[in-house]
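Below: one structure, written as structure tokens.
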Amino acid sequence: MKRLSRTIVLIGLSIFCAPLAASAHEAYVLSKPQFDAGLAAPQVDLLRALANPADLTTFFAIAVAVTTVLVAYFFAQHSTLGRWIAAGFERFKKYGPTVTRLTVVVALFLGWFDGAFLGPELPISKMPFAPLVTGALLVASVCILFGFLTEAAAAAAILAFLLATMAFGGYLATYANYLGEFLLLLLFGSRFLSVDGRLFGESKRLSWLKKHETAILRIFYGFALSYAAVNIKILHSQLTLDVINGFHLTKFHLLFPSDPLLVALGAAVAELLIGVCIMIGFQTRLIILVSLFYITLSLLFFSEQAWPHILLYGISFNLLVCPQTLSLDGFFDAKIRAWKEKGLGGSPV
């Protein structure tokens with residue numbers, strides 16, 4: 001009985017803490033020589049952890065527990081109380097894009113101040129036309145801050161993103177969330193609490209697409225997380241193992257399994273699951289709240305630089321308060337409402 005109790009505690013705390021390792025951004029935690037060495041290291045087969053019967057039992061127990069939580073939340077989300085809570089979030093929907101705009105300004109400005117673009121591992125000095133990029137990012141951040149010539153400033157930021165891609169290759173897909181916000185500012189500008197709004201009034205351009213603004217941002221954000229999970233935590237899992245071993249995470253026996261491979265596997269699965277759920281819009285608000293908690297915990301625990309994470313808070317606020325379109329959440333909600341309206345035995349939840 002005592003052993004069973006310990007196992008239940010281990011599983012519960014693993015569910016609670018496993019995403020902590022997933023939320024750590026290896027490029028912010030490891031030194032540059034460590035990061036470069038991890039990228040060059042051979043791929044580690046994380047599935048070897050499941051060859052250990054104890055690790056396999058823990059892995060499937062956690063999978064069952066997480067599935068149970070998701071199923072329970074699904075019914076709660078589509079209940080009358082769940083819809084009432086969602087409506088409470090959506091009372092602040094008009095502020096969502098503006099908050100995201102302001103956080104991208106802070107991230108761009110602090111990155112410029114730090115001599116980096118999007119993240120500390122991407123120095124502007126290594127980009128083509130570095131002096132021009134440096135000046136353009138400063139001007140763009142000021143323009144976006146005040147919402148002045150927003151579309152032109154967003155175009156400059158997208159051009160900087162393309163130049164960074166020339167310098168750093170496909171790794172820039174890790175920052176697809178930035179690209180998504182730049183694209184939205186280019187397409188729709190900023191007419192709320194902005195100079196452009198005062199000068200030009202409300203924009204009617206692409207009104208048919210603007211209703212999906214939050215969905216576009218959600219898809220780019222989910223893709224960025226999914227790509228990072230595959231590219232870093234799966235294909236270059238030595239980086240995650242270096243973080244786990246460097247911070248001695250396995251010494252926290254009640255929080256993490258003793259096998260670093262299992263911790264790394266759990267981190268990869270957790271980040272991939274979070275990214276896919278956000279991308280397809282499934283249980284979005286729950287996933288966002290959980291991810292916000294672990295982003296903050298990761299910042300405190302790993303002492304990561306804060307400025308690359310600022311946009312994540314802005315995007316998260318946007319996704320929390322804005323209605324979801326082109327999402328599984330919206331699809332299921334519509335189906336359940338139709339079920340109720342037809343009177344087929346009432347709502348299944």
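Quick notes on this structure:
- Along the axis of the charge dipole computed for the chain (Cβ charges of +1 for Lys and Arg, -1 for Asp and Glu, origin at the Cα centre), the listed residues Gln305, Ser190, Thr250 are led at the positive end by Ser190.
- Compared with the alpha-carbon gap, the fully stretched path from Thr68 to Thr296 is longer by 79.6 nm at 0.36 nm per residue.
- Distance from the Cα centroid of the range 256-323 to that of the range 24-60 is 18 Å (rounded to whole angstrom).
- Taking amide H as placed 1.01 Å from N in the peptide plane, Ala116 has its amide H under 5 Å from the amide H of Ile124, each at least 5 places away in sequence or on another chain.
- Prolate/oblate/rounded label for the range 50-157 (Cα gyration tensor, a/c 1.5): oblate
- Hydrophobic, long helices, defined as DSSP H runs whose alpha-carbon span along the helix axis is 24 Å or greater and whose mean Kyte-Doolittle value is at least 0.0, occur in the chain at 2-23, 53-77, 96-114, 130-146, 150-168, 260-280, 284-302.
- Amide N proximity, the range 163-198 versus Leu39 label position 7 Å along Cα-to-Cβ, cut-off under 16 Å: 163-176
- Look at the alpha carbon pairs under 8 Å that are at least 6 residues apart: their mean separation over the length of the range 86-182 gives a relative contact order of 26 percent.
- Rounded to the nearest 20 debye, dipole of the range 80-184 from Cβ charges on Lys, Arg, Asp, Glu: 360 debye
- Summed residue charge, Cβ within 15 Å of Arg337's Cβ, Lys/Arg positive, Asp/Glu negative: +1
- Cα-based Lys pair tally, the chain, threshold under 19 Å, eight or more apart or on separate chains: 8
- In the full protein context, the range 63-199 carries 47 Å² of accessible surface per residue, based on a 1.4 Å probe and ignoring ligands, DNA and RNA.
- Value of relative contact order over the chain, rounded to a whole percent, pairs C-alpha under 8 Å and six or more apart: 30 percent
- Fraction of accessible area attributable to carbon and sulfur, the chain (%, probe 1.4 Å): 73 percent
- Estimated distance in nm for a label pair at Lys204 and Met166, the labels positioned 7 Å out from Cα along Cα-to-Cβ: 3.9 nm
- Gain on full stretching of the segment that runs from Leu193 to Ala76 - 0.36 nm per residue minus C-alpha separation: 38.6 nm
- Highest GNM mean-square fluctuation among Val44, Val29, Val64, for the chain modelled with Cα contacts below 10 Å: Val64.
- Gyration tensor verdict on the chain (Cα atoms; rounded if a/c is under 1.5, prolate if a/b is larger than b/c, oblate otherwise): oblate
- Surrounding net charge for Arg48, when Lys and Arg each add one and Asp and Glu each subtract one, Cβ distance under 13 Å: -3
The values are calculated or read from the model by the stated rules, or taken from the named source; none is laboratory data. Only a predicted model underlies this, so the values are computations on that prediction, with no experimental measurement involved. Note that we place each Cβ from the backbone using ideal geometry, even for glycine, and neighbour counts take in every protein chain shown. Accessible surface areas use protein heavy atoms only, side chains included; no ligands, DNA or RNA. Shrake-Rupley method; radii C 1.70, N 1.55, O 1.52, S 1.80 Å.
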